[in-house]
Amino acid sequence: MRGVRCTPLVLACLLASSIWAQSGVPATATLPGQLPGTAHGTLPGTAHGTLPGTQPGAPLAQAGVRVPDLVERHCGGCHTSSESDGEDVDGDFDISVLFDRQVAKDSDYVAQLTLVVQRLRARTMPPPDEEQPSAVDRRELAALLSQLAPVQPGDRVATVRRLTRRQYEHTVRDLFGIAWHANDLLPKDSPAHGFDGQGDVQNMSPLLFEKYHDAAAEVAAAVFADARAAQVLPDGKPLATTLPPLLERAFRRPVTSDEVRERVADAAALRKAGLTEQQVRHAALRSVLISPSFLMRAEFGAHDAPAKLSAHELAVRLSYMLTSSTPDGELRKVADSGALLDPEILAAQARRLSRAHDGRRLADDFVAQWLGLGEVLTATADFRRYKQIWNRQLRPSFLQEALHYFAAMVRQDRSVLELLDSDYTFVNPVLASHYGLPKVEKGFHRVKLPDSRRGGVLGMGVMLMTSSFPLRTSPVKRGKWILDKLLDSPPPPPPPDAGELPKDDKPVGKLTLRQRLEKHRESSRCAGCHATMDALGFALENYDVVGRWRDELHGQAIDTVATLPDGTELRGPVELKKELLARADDFVRAMAKNLLVFGVGREIGLADEPELQRIVAATRAGGDRFSVLLTAIVSSPLFRMRDPAAKSENAKAIGGQEREQR
């Protein structure tokens, strides 16, 4: 933290607390910028911050004809009423109340609004037998309704974050050029909103503080044991000269003369106490590594506009999102000059960093958590039925296939829709044999697939095994995975007395597993969710527990035919992928939302939906390439602003109060 001396007493007070305060500084006006195919912050064909037929700043309930007409056309037939016609509305819900600002003050308004948007996005509304909105109309409807959500300044400020174990390791590597692994020294990070590194659930207990002391001692010893790394604080040069560049890199911001002077004074006191020069340098480095400015990622905002991120805070947010590490030399340079605040330079740096390390750091940290890929390393299959599980290289190979695939997509700037379907994958000798593909040399290689069945993440062993049980596949788990991970439409948890499904796929009497699942759906409480989940999962039944293709199960032909609630019939993985590609907007939104959660460090909620829909529109207009999606994200106020919701007139006042309290 700026101007805070890193003495043990201060550290104990700051770090040992288990409560991390969330700052609430309001924001200024939206920053200008350019998104591919659109003006920044707009949908194609709209003015900034508006939807067709509305006036900026006008109450939505009194907007022009276009907005109510869009709602009326797709919702009004069932969910609007008037005293003159006397007709009841379906489900006792009149959608017009959402536009009533008096109703907006009710406690259940946000919950009601959220449910409407969820059903719109999940395509359960309008009902399948009614006219369906086009992709653009559905996108505009979601943005329009989400704009009604009440927002208060400070609601969308990310909580202070602590470096995760992976980020700590990468930061040490990039600062000193040494490979240091925390192993069991630092605990596993707790996730929130799908990712670790979220300040909402991070704490700093006294025990964890001691662990960071131990880690700092280990890292310092490793640094001074390496002749090249030790040059960060070399012998023969005064600390007053060597400390400033180290502090600026470690603290990820400019440092004050007081911060340097205090450490130099501490070093002099240690020499006076009889410590050797080597011990003094060790102590100086340890003090850096246990400083809150190193361990924590705090965002205070720009001095003249606290609702905006400063250039250095923007650099840190960008670097840890894309490389899970501290800003490199080039990024620090454009942050020092302030040029990073230019949207075009920010976008260029984002594209550069995403390709750093061949795209693997983004794959290893972001995509592995988003899709739950690491779970395959602990997934199990019955070794008597699936003897391939004896090969200890199989599960790690499943994981590496997906990571190589995503990294190549980023590195080569391919369409993000290739995560859903493609004509290639990456295999090593283990996977080539397992999938029945031609032999390859040692290592992972991109190979062309012989047909359309396996391309994309749905044909990868990592997804198929983690969504199975040891003795059988699970259409329910596979369908839920698709809804949750790929479409961001997770079904609600099952009721407590929903019952259990069999753990084996052997027929019981005359009932096959599928027939038992269909019987389970007969309950009205279960049918709503299972109708979609099961249909998606049944389309993948040709893949067994360990991801091999099969045409029969227990002597009977595999039945992959399933019908979605809207009447769409799926016949296996190829048609499933076509259906998901038809919902490309939903997939792009899911990916954008998850990358924002990962990068910004907070939940992306209903109030963020209009901007999220604009990111989707820009990505689709730009051909769905990864660089277009990334540019749209980092150009968005959701990424650039510390508080996207704050009022400019309050920003300076609140920001000044906050600084006085530091």
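The values are calculated or read from the model by the stated rules, or taken from the named source; none is laboratory data. All values derive from a computational prediction rather than experimental measurement. Cβ: placed from backbone, ideal geometry, glycine included. Neighbour counts: every protein chain shown. Each accessible area value is taken on the protein alone, full model and side chains, heavy atoms only, with ligands, DNA and RNA left out. Shrake-Rupley method; radii C 1.70, N 1.55, O 1.52, S 1.80 Å.
Being more than 30 Å from Leu120 (Cβ to Cβ) and open to solvent by 50 Å² or more (accessible area, probe 1.4 Å) is a property that holds for Gly436.
Checked across the range 174-187, the condition of being touching a strand residue (DSSP E or B) at 6+ places or on another chain (Cβ under 9 Å), farther than 30 Å from Val97 by Cα and β-branched (Val, Ile, Thr) holds for no residue. Scanning the range 324-336 for residues that are open to solvent by 10 Å² or more (accessible area, probe 1.4 Å) and either of a type in the set (S, T, N, Q) or free of Cβ contacts under 8 Å to residues at least 60 places away in the same chain (or both) gives Thr326, Gly329, Glu330, Lys333, Val334.
Only one of the numbered conditions (1) surrounded by fewer than 18 Cβ atoms within 10 Å (Cβ to Cβ); (2) touching a Gly at 6+ places or on another chain (Cβ under 7 Å) is violated by Gly301, and that is (1). Out of the residues in the range 337-365 that are crowded, with 17+ Cβ neighbours inside 10 Å and among the acidic types (Asp, Glu), state the one that is farthest from Phe639 (Cα to Cα). Per the stated criteria, the residue is Asp364. Annotation: of all residues in the range 261-292 being under 22 Å from Val172 (Cβ atoms) and part of a loop (DSSP other than H, G, I, E, B), the one that is most open to solvent (accessible area, probe 1.4 Å) is Ile290. Taking first residues from the range 448-461 that are farther than 17 Å from Leu581 by Cα and open to solvent by 10 Å² or more (accessible area, probe 1.4 Å) and partners that are assigned to a loop (DSSP other than H, G, I, E, B) and charged (D, E, K, R), the Cβ contacts under 8 Å between residues at least 6 apart in sequence or on separate chains come to Lys448/Asp423; Leu449/Asp423.
If I filter the range 380-403 for residues that are farther than 30 Å from Pro507 by Cα and charged (D, E, K, R), do I get at least one hit? Within the range 380-403, one or more residues are farther than 30 Å from Pro507 by Cα and charged (D, E, K, R). Going through the range 388-408 one residue at a time, which ones are of a type in the set (A, V, I, L, M, F, W, C) and touching a strand residue (DSSP E or B) at 6+ places or on another chain (Cβ under 8 Å)? Residue satisfying the conditions is Ala408 alone.
Remark: Val151 falls outside the filter, which requires a residue to be surrounded by 21 or more Cβ atoms within 10 Å (Cβ to Cβ), at pLDDT below 95 and part of a loop (DSSP other than H, G, I, E, B). Is it the case, given these coordinates, that Ala142 is open to solvent by less than 10 Å² (accessible area, probe 1.4 Å), out of contact with any Cys (no Cβ under 6 Å at 6 or more places or on another chain) and either of a type outside the set (Phe, Trp, Tyr) or within 30 Å of Arg583 (Cβ to Cβ) (or both)? Spelling it out, Ala142 is indeed open to solvent by less than 10 Å² (accessible area, probe 1.4 Å), out of contact with any Cys (no Cβ under 6 Å at 6 or more places or on another chain) and either of a type outside the set (Phe, Trp, Tyr) or within 30 Å of Arg583 (Cβ to Cβ) (or both). Candidates in the range 416-429 are the residues that are part of a helix (DSSP H, G or I) and surrounded by fewer than 21 Cβ atoms within 10 Å (Cβ to Cβ); of these, the one that is nearest to the chain's Cα centre (by Cα) is Glu418. Hey, among the residues in the range 187-220 that are over 22 Å from Leu373 (Cβ atoms) and in a loop (DSSP other than H, G, I, E, B), which one's most open to solvent (accessible area, probe 1.4 Å)? That would be Asn203. Please indicate, with yes or no, whether at least one residue in the range 241-260 is open to solvent by 50 Å² or more (accessible area, probe 1.4 Å), in a loop (DSSP other than H, G, I, E, B) and either among the charged types (D, E, K, R) or modelled with pLDDT under 95 (or both). Looking through the range 241-260, none of the residues is open to solvent by 50 Å² or more (accessible area, probe 1.4 Å), in a loop (DSSP other than H, G, I, E, B) and either among the charged types (D, E, K, R) or modelled with pLDDT under 95 (or both).
Residues checked against (1) part of a loop (DSSP other than H, G, I, E, B); (2) surrounded by 13 or more Cβ atoms within 10 Å (Cβ to Cβ); (3) at pLDDT below 95:
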site: Glu441; (1), (2), (3): yes, no, no
site: Pro492; (1), (2), (3): yes, no, yes
site: Pro502; (1), (2), (3): yes, yes, yes
site: Ala531; (1), (2), (3): no, yes, yes
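So, in the range 598-608, of the ones that are assigned to a helix (DSSP H, G or I) and open to solvent by 10 Å² or more (accessible area, probe 1.4 Å), which residue ends up nearest to Thr164 (Cα to Cα)? So the residue we want is Phe598. Just give me the residues in the range 374-391 being under 30 Å from the mean Cα position of the chain (by Cα) and not polar (S, T, N, Q), in sequence order. The answer is Gly374, Glu375, Val376, Leu377, Ala379, Ala381.
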